[in-house]
């Protein structure tokens, strides 16, 4: 499946984020920090208003979640058509 590359991005439309086993999670001052433990770590997102997406990150990259808003570093992703 062809991936799309992105720059830094922010989203408050995430309904569900499912992280694979390659992530560490920590919490500090109300900020949740996810850190990729290996290359090609994946997060499957269910987003409000569009198809689901699988995001792919490299080792050491971090995702911040502040007040329900996800802050993503540059990454690759592909869309997963919704099943009806």
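The values are calculated or read from the model by the stated rules, or taken from the named source; none is laboratory data. Remember, predicted model here, so these are calculated numbers, not experimental data. Reconstructed Cβ throughout: ideal geometry from the backbone, glycine too, with neighbour counts over all protein chains shown.
So in segment 1-13, with the set limited to residues that are outside any strand (DSSP E or B) and either touching a helix residue (DSSP H, G or I) at 6+ places or on another chain (Cβ under 9 Å) or in contact (Cβ under 8 Å) with a residue 40 or more places away in the chain (or both), which one is surrounded by the most Cβ atoms within 10 Å (Cβ to Cβ)?
Per the stated criteria, the residue is 3.
Would you say residue 63 is modelled with pLDDT under 95 and under 14 Å from residue 12 (Cα atoms)?
no
Take segment 14-36 and flag every residue that is surrounded by 13 or more Cβ atoms within 10 Å (Cβ to Cβ) and without any contact (Cβ under 8 Å) to a residue 40 or more places away in the chain.
19, 20, 22, 23, 32, 33, 34, 35, 36
Look at residue 39 and say whether it is out of contact with any strand residue (DSSP E or B) (no Cβ under 7 Å at 6 or more places or on another chain) and surrounded by 12 or more Cβ atoms within 10 Å (Cβ to Cβ).
Answer is yes for this residue.
Mind checking which residues of segment 27-52 are closer than 12 Å to residue 13 by Cα and in a strand (DSSP E or B)?
Those that are closer than 12 Å to residue 13 by Cα and in a strand (DSSP E or B): 45, 46, 47, 52.
Looking at segment 40-59, I want the residues that are under 16 Å from residue 25 (Cβ atoms) and have a partner that is in a loop (DSSP other than H, G, I, E, B) with Cβ atoms under 7 Å, at least 6 apart or on another chain. Which pairs are those?
41/20; 41/22; 42/20; 59/37; 59/38; 59/39
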